[in-house]
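**Student:** Okay, here's the structure, questions in a sec.
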Amino acid sequence: MRTEFVNARTLEGGPFEFVVDGDRFGSPGPVGATVDLAGATVLPGFVDAHCHILPTGLDALKLHLGPCRSREEVLDAVRDRHAAQPEGWLLAVHYDQTRFPDARHLTRQELDSVVPGRPALLRHSNGHASVANSAALAAAGVNRDTPDPTGGAYVRDEGGEPNGVLLERAHEHVSAQAPTPTFDDMVQAILLAGESMSRLGITCATDMMTGRWDLERELLAYAEAARRGCKVRLRTCLQWGTVLGPRGIDPGRLRDLTEGPDPSRCRPIGLKIFADGAIGSATAAIYGKYLTTDGDGQLIYSPERLKEMVRLGDEAGWAIAIHTIGDRSTDLVMDAYDATADPTRHRIEHAMVLSDAQIERMSRQGARVTMQPEFLLRFGHAYAKQLPPEVARRIKRVRSVLAAGLRLSFSSDRPIVPGDPWEGIKAAVSRPEGFDPAENVDLASAVRLYTSAGAEANGDGGTMGELTPGAFADFQVYTGAPGSAGPAEVWLGGQRV
């Protein structure tokens, strides 16, 4: 069935009269139906090229601490959840000590006072740290004699005892002791996340850390969710260690898992590596010092090891995407990419703190860059407490990056933030107070960075994120001004969602 959409306009005010045949615009053949959109505005579907789909669905079941502004409010919320759901691990998300007046972390003893004898773990809002009570540390086998893992730390009190604060790899070790979601849990979580994203006009999303629990089971869950009609197209970026690490999946089995699903609906796009941490937990690797810790952050790998990991992935034919927030780690990422045959194949994720010299170097190198402007809305308080003012105000230099000719795209990193693309677009067009307005961009550019540029970052350029003949018929319809309310309709592959 071929359907023609008439009486509509694009963001720029032009007409929208493309023909849809199955999945693609512009196919030949007789028109089977005409849909009158009554003067509505039509935009391409948003492409969230860096988020966490499975965790978004799973987090919906956990205690959300985002509204808490003090240590006491966090403890009250945890105490109430413990009373209401007294069994198993108590898992909370969006804990953020930088919202407290003194920016001091909770300790395991404070958590023990409200959750005694049962594991409790509060994950930081940036996903790179957490606070555990004594039972959670015990479940993970962590005590005063446990050495810090490479690329992480068990923060200790003056007596040398772990105080419950977990950074980077230490956070990963303890959180890995919590119950693993079942296959059915995973499928339902992906479907739930897809439904919530579709309501925001998102038609394609990329999970940026597939393999957190079990790579094979997660890939099967994504394929099954796609088969059941997930409301967004699914892309996955696989954790480097699950593919090329000592316990990496068998290459033949990986081919079987990734070649089965319809690639337009579900496919892997590359390998993910973490180079550093995050600003809120003072673990992003920066030049200079954090105001709260007097440290300079955490490199997850030595420069030599990072370069070797990139080399192995590149030679195996994978596109590499590396998380790097601090300027110190970003230099090391560019060093690693410079050692490959073609740095333009790869991606730099976040790049929040950049100097003019680094932007110039990125321009010469040509790797793609992704940024999440919604962070400015959600974490401005943390940046102000952690970084010197002259550094904090220049975070996410979108306009400078575009002016240098870099291939930039926008995304959300949900569930770190709620993930409404319009919130990110508005933050990029009019940066919040305290951030340098010279880095603002115009509306059309911001929308492009969240649509066609996101598709290009995923390797889907020309097939989605645009309203052109030959592209997938993925678009959103607004009866009012785009951005003032959610889309009235979302279409995926020529079918109304």
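**Student:** Out of all the residues in segment 241-255, is one or more surrounded by fewer than 16 Cβ atoms within 10 Å (Cβ to Cβ) and either touching a residue at least 12 places away in the same chain (Cβ under 8 Å) or within 16 Å of Met209 (Cα to Cα) (or both)?
**Tutor:** Quick first cut of segment 241-255, residues surrounded by fewer than 16 Cβ atoms within 10 Å (Cβ to Cβ) only: 245-247, 250-253, 255.
Add one more test, that the residue is either touching a residue at least 12 places away in the same chain (Cβ under 8 Å) or within 16 Å of Met209 (Cα to Cα) (or both), and what stays is 245, 253.
Yes: segment 241-255 contains one or more residues that are surrounded by fewer than 16 Cβ atoms within 10 Å (Cβ to Cβ) and either touching a residue at least 12 places away in the same chain (Cβ under 8 Å) or within 16 Å of Met209 (Cα to Cα) (or both).
**Student:** When you look at Ala140, is it of a type in the set (Gly, Ala, Ser), over 20 Å from the mean Cα position of the chain (by Cα) and under 24 Å from Ala284 (Cα atoms), yes or no?
**Tutor:** no
One line per residue, one yes/no per condition, for (1) within 29 Å of Ala226 (Cβ to Cβ); (2) of a type in the set (Phe, Trp, Tyr); (3) at pLDDT 90 or above; (4) in contact with a Gly (Cβ under 7 Å, 6 or more places away or on another chain):
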| position | (1), (2), (3), (4) |
| --- | --- |
| Gly32 | yes, no, no, no |
| Phe46 | yes, yes, yes, yes |
| Ala49 | yes, no, yes, yes |
| Leu61 | yes, no, no, no |
| Glu72 | no, no, yes, no |
| Leu75 | no, no, yes, no |
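**Student:** Does Glu218 satisfy the condition of being over 21 Å from the mean Cα position of the chain (by Cα), on the phi < 0 side of the Ramachandran plot and either in a helix (DSSP H, G or I) or surrounded by fewer than 24 Cβ atoms within 10 Å (Cβ to Cβ) (or both)?
**Tutor:** Numbers: over 21 Å from the mean Cα position of the chain (by Cα): no; on the phi < 0 side of the Ramachandran plot: yes; either in a helix (DSSP H, G or I) or surrounded by fewer than 24 Cβ atoms within 10 Å (Cβ to Cβ) (or both): yes.
So Glu218 does not fit the description; no.
Every residue, every condition in (1) in contact with a strand residue (DSSP E or B) (Cβ under 7 Å, 6 or more places away or on another chain); (2) in the same structural domain as Cys266 (by TED's automatic domain parsing); (3) among the β-branched types (Val, Ile, Thr), yes or no:
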position: Arg431; (1), (2), (3): no, yes, no
position: Phe435; (1), (2), (3): no, yes, no
position: Val441; (1), (2), (3): no, yes, yes
position: Ala444; (1), (2), (3): no, yes, no
position: Tyr450; (1), (2), (3): yes, yes, no
position: Gly454; (1), (2), (3): yes, yes, no
position: Phe475; (1), (2), (3): yes, no, no
position: Pro487; (1), (2), (3): yes, no, no
position: Leu492; (1), (2), (3): yes, no, no
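**Student:** Separate question: Restricting the search to segment 439-482, which residues are out of contact with any Ser or Thr (no Cβ under 8 Å at 6 or more places or on another chain) and surrounded by 20 or more Cβ atoms within 10 Å (Cβ to Cβ)?
**Tutor:** Residues satisfying the conditions are Val441, Ala446, Val447, Arg448, Thr451, Ser452, Asp460, Ala473.
**Student:** Among the candidates Arg99, Arg108, Arg123, single out the residue that is touching a residue at least 40 places away in the same chain (Cβ under 8 Å), in contact with a Phe, Trp or Tyr (Cβ under 7 Å, 6 or more places away or on another chain) and within 21 Å of Thr293 (Cβ to Cβ).
**Tutor:** Going through Arg99, Arg108, Arg123 in turn, just one is touching a residue at least 40 places away in the same chain (Cβ under 8 Å), in contact with a Phe, Trp or Tyr (Cβ under 7 Å, 6 or more places away or on another chain) and within 21 Å of Thr293 (Cβ to Cβ): Arg123.
**Student:** Next up: Looking at (1) in contact with a strand residue (DSSP E or B) (Cβ under 9 Å, 6 or more places away or on another chain); (2) among the basic types (Lys, Arg); (3) modelled with pLDDT under 95, can you tell me which one Arg267 breaks?
**Tutor:** The one condition Arg267 does not meet is (3).
**Student:** Another question, then. For Val333, state whether it is touching a Phe, Trp or Tyr at 6+ places or on another chain (Cβ under 8 Å) and assigned to a helix (DSSP H, G or I). Before you say what the answer is, go through the steps one by one.
**Tutor:** On the way: touching a Phe, Trp or Tyr at 6+ places or on another chain (Cβ under 8 Å): no; assigned to a helix (DSSP H, G or I): yes.
Taking the combined requirement at face value, the residue does not satisfy it.
**Student:** Out of (1) touching a His at 6+ places or on another chain (Cβ under 9 Å); (2) at pLDDT below 95; (3) not small (Gly, Ala, Ser), the odd one out for Pro418 is which?
**Tutor:** (1)
**Student:** Oh, and also: I'd like the full set of residues that are under 19 Å from Arg69 (Cα atoms) and outside any strand (DSSP E or B), limited to segment 114-139.
**Tutor:** Val114, Ser125, Asn126, Gly127
**Student:** Given the residues Gly280, Gly260, Gly270, which is the only one that is surrounded by fewer than 16 Cβ atoms within 10 Å (Cβ to Cβ) and among the small types (Gly, Ala, Ser)? Let's see the steps before the verdict.
**Tutor:** Numbers: Gly280 fails: surrounded by fewer than 16 Cβ atoms within 10 Å (Cβ to Cβ); Gly270 fails: surrounded by fewer than 16 Cβ atoms within 10 Å (Cβ to Cβ).
Testing whether each residue is surrounded by fewer than 16 Cβ atoms within 10 Å (Cβ to Cβ) and among the small types (Gly, Ala, Ser) leaves just Gly260.
The values are calculated or read from the model by the stated rules, or taken from the named source; none is laboratory data. As the structure is a computational prediction, the values presented were derived from the model and not from experiment. Quick reminder, even Gly has a Cβ in these numbers, built from the backbone with ideal geometry, and neighbours come from all protein chains shown.
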